[in-house]
Amino acid sequence: MIAELVSCNDALVKGDFRENVLALQAQMQASPDQIECPVKHVFAPGCYAREMVIHKDILIIGKIHKHQHINIISKGSVLVATEFGSLQLDAPCTFVSEAGTKRAVYALEDTIWTTIHVTNETDLEKIEDYVIAKDYNELDTFLEELPA
């Protein structure tokens, strides 16, 4: 499985990442063997955290994030491919994702990954509308409209 992911990871990064990751996501969504990763939502004033458990040997494709945000891997190890490159991340690990990030993530170990977003909102649908671009066209439009 790891060899397949490494070759998949190479294809994602070497080719047109956006096209390749969307094709992989469509294949995964069409599969009857989908697995839900447990998610916990945590709120504090001005802050929303989304904690996900990714079990070993699970491959997930994330959504397109409109804003930079903090990520914390508090447990585990993952291989990550984005259009900005690919790498292995091992807990404990804290980093900032760039605006426009969409990831393919393969868990080498059971992993706990938390994303933290700046918002006063507590309605999950409204948070998703604010944080997530539905597609790359929406992302590109959003980024073009940001003040210089």
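The values are calculated or read from the model by the stated rules, or taken from the named source; none is laboratory data. What you see is a predicted model, and the numbers here were worked out from it, not measured in a lab. All Cβ positions, even for glycine, are placed from backbone atoms using ideal geometry, and neighbour counts span all protein chains on display.
Details
Residues checked against (1) out of contact with any Asp or Glu (no Cβ under 7 Å at 6 or more places or on another chain); (2) farther than 16 Å from Thr111 by Cα; (3) at pLDDT 95 or above; (4) not in a strand (DSSP E or B):
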position	(1), (2), (3), (4)
Ala26	yes, yes, no, yes
Asp33	yes, yes, no, yes
Ser86	yes, yes, no, no
Thr94	yes, no, yes, no
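- Residue in the stretch 115-127 that is under 22 Å from Phe43 (Cα atoms), free of Cβ contacts under 8 Å to residues at least 40 places away in the same chain and not basic (Lys, Arg) present: yes
- Taking residues in the stretch 63-82 that are outside any loop (DSSP other than H, G, I, E, B), and partners anywhere that are among the basic types (Lys, Arg), the pairs with Cβ atoms closer than 6 Å and at least 6 places apart or on different chains are Ile64/Lys102; Val80/Arg103; Thr82/Arg103.
- Residue in the stretch 104-116 that is in a loop (DSSP other than H, G, I, E, B) and at pLDDT below 95 present: no
- Some residue of the stretch 39-48 being touching a Leu at 6+ places or on another chain (Cβ under 7 Å), within 27 Å of Leu143 (Cβ to Cβ), surrounded by fewer than 18 Cβ atoms within 10 Å (Cβ to Cβ) and at pLDDT 95 or above: yes
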